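Student: Below: one structure in structure tokens.
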Amino acid sequence: MSERYMHFINGEHVAPSEDRFFTSTNPATLDELYEVARGNAEDVDRAVKAAHKAFTSDSWSALSATARGHLLRRLGDLIGENSEKLARYESLDNGKLLREMRGQLATLPEYLYYYAGLADKVQGSQIPSMNPAILNYTQREALGVVGAITPWNSPLTLTTSKIAPALAAGNTVVIKPSEYTSRTVLLLAELADQAGFPPGVINVVTGFGAEAGAALVSHPLLAKISFTGSTATGSKIAAEAASRFIGCTLELGGKSPNIVFDDANVSNAAMGVVAGIYAAAGQTCIAGSRVFAHKSVYDELLERVTERAKSIVIGDPLSDSTELGPLAFADQLEKVSSYVKIGADEGATVLAGGTCPAGLELPGYFFSPTVLTDVNNDMRVVREEIFGPVAAIMPFEHEDELLSMANDTEYGLAAGVWTQNLARAHRMARKLEAGTVWVNTYRAMSPMSPRQGFKSSGVGIEHGLESMNEYTRLKSVWINT
Ligand code: NAD
């Protein structure tokens, strides 16, 4: 029998209340990797109750903010010490390149250190009073049990982005990782246990969204839900949270524009366009899937991107020479392939890719880097999130026309701008409807920099000082002296 992973509740590995498990598969080899507990409402109830008890227990609530910071720092150290194993497991689970995962794991401890440093900086202030006899001050308080629901494309980083500020502020957490990538999140909880977090402060219930995920969102003891995933699921979660007046932070989908102006360094821009859409096989929320190039550089950019797309080395994600791994699971491959067909039926020209690559030794869910041209904003391939290595490249002539095309989307997660013109760079940063704007770079990210999805790309802020407010509430105290 393959290895079996249980839930992690109250500091222990806990078998599912019903004897049900599901299998996790390597998307490159299609080998079965391990089995995971399939959580239900009863398992979720157990985890939330453990987290609730821990929230009020002396072992957590009486701990100083400084001590919480030390625990987070220790967890960061342990992640660093286990980074090779975590990077490898994540690569096996979702097919991301091992070298990319090593890069992510190298910076992951910094997320913990950043929030460790913020734990003892959560503070209120004294408010000027109209009556000098009254002292009015504010204090920031932890919320209680935070539910964290995360997707499969960057499980550790996205989970850490939620739990680190939540824990720094004094909350406890129940995590429901994606059913495709349970293992590294379970290991994260084990490392937290090793770091000395009291039992019940960090819990993980594995399983499916409609079952364990939905049970977590609707649990009456939950004080807040922090979700990263698709806009469709985010909308259901927001409705549930609204019905119970609990807060939610939502990081959702995207269809980001990557814009190349006539004065750009086209060689650099082409590399930025390629990295923006083909990194992680396009399975990133910030993928620059809509590329707009000024008509004077359109041909050159198209040629450079198409040439590069055709030469990208596809194969084993564990190999250092591989540049593009598989899609994460069968439905992803089906979805991406079907979008290319939809695009072709709508009149798009497929200049590169569009199919599964031939001649690979591995049987997995591989899809070639794809370039679509002859596309426009009315087409589904330009409007909908494909979440795969598919770039739609379009020419533009005037800045106003470009802005109206770039902003003509339900999403507002990120945007890239390639220009040497400083005034234009600032103008674009102001006028693009996106929570993150990169100029002459793409995909830069840090725990210090706040991230917010505009429009249907999200609600609330992750990363940065501001994210601490997502996990605290403000109380105003009036004392008649
Ligand atoms: P998804 O919405 O299908 O699933 C995300 C998580 O929600 C999983 O853990 C899933 O089990 C759970 N879930 C599903 N249905 C649920 C329900 N009814 N109630 C509670 N939980 C439920 O998304 P996915 O396919 O895992 O991830 C891809 C999506 O995530 C893309 O749209 C991508 O853009 C988005 N994403 C956004 C960001 C960001 O920061 N904005 C980052 C990464 C991914």
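The values are calculated or read from the model by the stated rules, or taken from the named source; none is laboratory data. On a predicted model such as this, the values are computed, not experimentally measured, just so you know. Positions of Cβ are backbone-derived with ideal geometry, glycine not excepted, and every protein chain shown enters the neighbour counts.
Residues checked against (1) closer than 30 Å to Met428 by Cα; (2) within 16 Å of the ligand (Cβ to nearest atom); (3) among the charged types (D, E, K, R):
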{"residue": "Asp316", "(1), (2), (3)": "no, no, yes"}
{"residue": "Glu323", "(1), (2), (3)": "no, no, yes"}
{"residue": "Gly359", "(1), (2), (3)": "no, no, no"}
{"residue": "Val381", "(1), (2), (3)": "yes, yes, no"}
{"residue": "His398", "(1), (2), (3)": "yes, no, no"}
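Student: Quick one: is Gly103 surrounded by fewer than 17 Cβ atoms within 10 Å (Cβ to Cβ), more than 22 Å from Ala195 (Cβ to Cβ) and within 23 Å of the chain's Cα centre (by Cα)?
Tutor: Considered against the rule, which asks whether it is surrounded by fewer than 17 Cβ atoms within 10 Å (Cβ to Cβ), more than 22 Å from Ala195 (Cβ to Cβ) and within 23 Å of the chain's Cα centre (by Cα), Gly103 comes out as yes.
Student: Then there's this: For Lys341, state whether it is closer than 11 Å to Thr370 by Cβ and more than 16 Å from the ligand (Cβ to nearest atom).
Tutor: no
Student: Can you find even one residue in region 314-322 that is closer than 30 Å to Thr231 by Cβ and surrounded by fewer than 21 Cβ atoms within 10 Å (Cβ to Cβ)?
Tutor: no
Student: Another question, then. What number of residues within region 323-356 are among the small types (Gly, Ala, Ser), closer than 12 Å to Phe367 by Cα and exposed (fewer than 15 other Cβ atoms within 10 Å of the Cβ)?
Tutor: The qualifying residues number 2.
Student: Please name all residue pairs, on different chains or six or more residues apart, with Cβ atoms under 8 Å, provided the first residue is in region 411-422 and is over 15 Å from Lys255 (Cα atoms) and the second residue is away from the ligand (no atom under 14 Å from the Cβ) and of a type in the set (Asp, Glu).
Tutor: Matching pairs, first to second residue: Thr419/Asp263; Gln420/Asp263; Asn421/Asp263.
Conditions (1) within 17 Å of Cys285 (Cα to Cα); (2) surrounded by 23 or more Cβ atoms within 10 Å (Cβ to Cβ), marked per residue:
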{"position": "Pro395", "(1), (2)": "no, no"}
{"position": "Val417", "(1), (2)": "no, yes"}
{"position": "Arg430", "(1), (2)": "no, no"}
{"position": "Thr441", "(1), (2)": "yes, no"}
{"position": "Met445", "(1), (2)": "yes, no"}
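Student: A follow-up question, please. Looking at region 221-232, is at least one residue under 27 Å from Met101 (Cα atoms) and among the basic types (Lys, Arg)?
Tutor: No, that holds for no residue.
Student: Please work out if Ile386 is within 16 Å of the ligand (Cβ to nearest atom), touching a residue at least 60 places away in the same chain (Cβ under 8 Å), surrounded by fewer than 23 Cβ atoms within 10 Å (Cβ to Cβ) and among the β-branched types (Val, Ile, Thr).
Tutor: Answer is no for this residue.
Student: On to the next question. Taking into account only those residues within region 234-268 that are part of a strand (DSSP E or B) and within 14 Å of Tyr442 (Cα to Cα), which is farthest from the ligand (Cβ to nearest atom)?
Tutor: Val260
Student: So, one more: If you check Gly272 against the conditions, is it in contact with a Cys (Cβ under 9 Å, 6 or more places away or on another chain) and either outside any loop (DSSP other than H, G, I, E, B) or within 14 Å of the ligand (Cβ to nearest atom) (or both)?
Tutor: Spelling it out, it is not the case that Gly272 is in contact with a Cys (Cβ under 9 Å, 6 or more places away or on another chain) and either outside any loop (DSSP other than H, G, I, E, B) or within 14 Å of the ligand (Cβ to nearest atom) (or both).
Student: I've got another one for you. Could you please give the count of residues in region 435-481 that are aliphatic (A, V, I, L, M) and within 16 Å of the chain's Cα centre (by Cα)?
Tutor: Number satisfying all stated conditions: 5.
Student: All but one of (1) among the small types (Gly, Ala, Ser); (2) within 22 Å of Ala280 (Cα to Cα); (3) surrounded by fewer than 24 Cβ atoms within 10 Å (Cβ to Cβ) hold for Ala391, so report the exception by its number.
Tutor: So Ala391 meets the others, but not (3).
To keep it simple, each residue is scored yes or no on (1) buried (at least 22 other Cβ atoms within 10 Å of the Cβ); (2) more than 17 Å from Leu156 (Cβ to Cβ); (3) within 18 Å of the chain's Cα centre (by Cα); (4) more than 7 Å from the ligand (Cβ to nearest atom).
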{"position": "Pro177", "(1), (2), (3), (4)": "yes, no, yes, no"}
{"position": "Phe197", "(1), (2), (3), (4)": "yes, no, no, yes"}
{"position": "Gly207", "(1), (2), (3), (4)": "yes, yes, no, yes"}
{"position": "Glu211", "(1), (2), (3), (4)": "no, yes, no, yes"}
{"position": "Ser218", "(1), (2), (3), (4)": "no, yes, no, yes"}
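Student: Here's something else I'd like to know. Return the total of residues in region 284-301 being buried (at least 22 other Cβ atoms within 10 Å of the Cβ) and either in a strand (DSSP E or B) or of a type in the set (Phe, Trp, Tyr) (or both).
Tutor: 5
Student: Sort out which residues of region 136-162 are more than 26 Å from Arg99 (Cβ to Cβ) and either among the basic types (Lys, Arg) or within 16 Å of the ligand (Cβ to nearest atom) (or both), and write them in order of number.
Tutor: Arg140, Val145, Val146, Gly147, Ala148, Ile149, listed by residue number.
Student: Under 9 Å between Cβ atoms, which residue pairs at least 6 apart in sequence (or on different chains) link something in region 208-236 that is touching a residue at least 40 places away in the same chain (Cβ under 8 Å) with a partner that is of a type in the set (Lys, Arg) and within 7 Å of the ligand (Cβ to nearest atom)?
Tutor: Gly209/Lys176; Ala212/Lys176; Gly213/Lys176; Ala215/Lys176; Leu216/Lys176; Val217/Lys176; Val217/Lys236
Student: Of all strands (runs of 3 or more DSSP E) completely enclosed by region 103-203, which ones contain at least 2 residues that are closer than 30 Å to Gly253 by Cα and modelled with pLDDT of 95 or more?
Tutor: Result: 145-149, 172-176.
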